[in-house]
1. Any idea how far apart residue 67 and residue 99 come out in nm if each label point goes 7 Å out from Cα toward Cβ?
2. Could you list 101, 63 in order of exposure, starting from the residue whose Cβ has the fewest other Cβ atoms within 10 Å?
3. To one decimal place, what orientation-averaged projected area in nm² is obtained for the convex hull of the Cα set of the range 23-86?
4. What distance in nm lies between label points placed 7 Å from Cα along the C-beta direction at residue 26 and residue 106?
5. What full-extension length gain, to one decimal in nm, is calculated for residue 77 and residue 92 as 0.36 nm per residue of separation minus the Cα-Cα distance?
6. Where does each of 46, 121 land when they are ranked from fewest to most other beta-carbon atoms within 10 angstrom?
7. Say R0 is 22 Å: what FRET efficiency, to the nearest 0.05, do residue 60 and residue 85 get from their beta-carbon distance?
8. Ratio of Rg to Rh for the range 59-101, alpha carbon only, Kirkwood?
């Protein structure tokens, strides 16, 4: 009985860790304009983060805002409900406080499912890690 309880407790702990690893971003507003979809801290090594998107998730365009430290962005991939994907090459260094260009989405009538980034914080004298925000235009 104790072994069964241990196995159940271990399973609950592991499943809760997996859930927190990819917290879904919930967008509730359908109003026109820019909406913050999510945010993440960026490490110094090459990193891949995914924003899982739920709710009012139809956007015409995306934009990335960088704070706290500079970041080098390689690529962004947008995945729509239904499985269609759009690869967007960013391959740029972004300074602290800067924003990406407005990235018009080719499939702006479909709902977003996930947005993935490949990037890393640019080494800096304070060893600050970059913080990025993903914004969407309705």
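1. 1.4
2. Numbers: 101 11, 63 16.
Lowest to highest Cβ neighbour count: 101, 63.
3. Spelled out: convex hull of the Cα atoms, projected over all directions, averaged, 5.3 nm².
4. In this crude spin-label approximation the distance works out to 3.3 nm.
5. 3.9 nm
6. Exposure proxy ranking, most exposed first: 46, 121.
7. About 0.80, to the nearest 0.05.
8. Ratio of gyration radius to Kirkwood radius: 1.04.
No value in this document is a laboratory result; all are computed from the given coordinates. Just so we're clear, the structure is a prediction, and the values are computed from it rather than from any experiment. Positions of Cβ are generated from backbone atoms using ideal geometry, with glycine treated the same way; all protein chains shown enter the neighbour counts.
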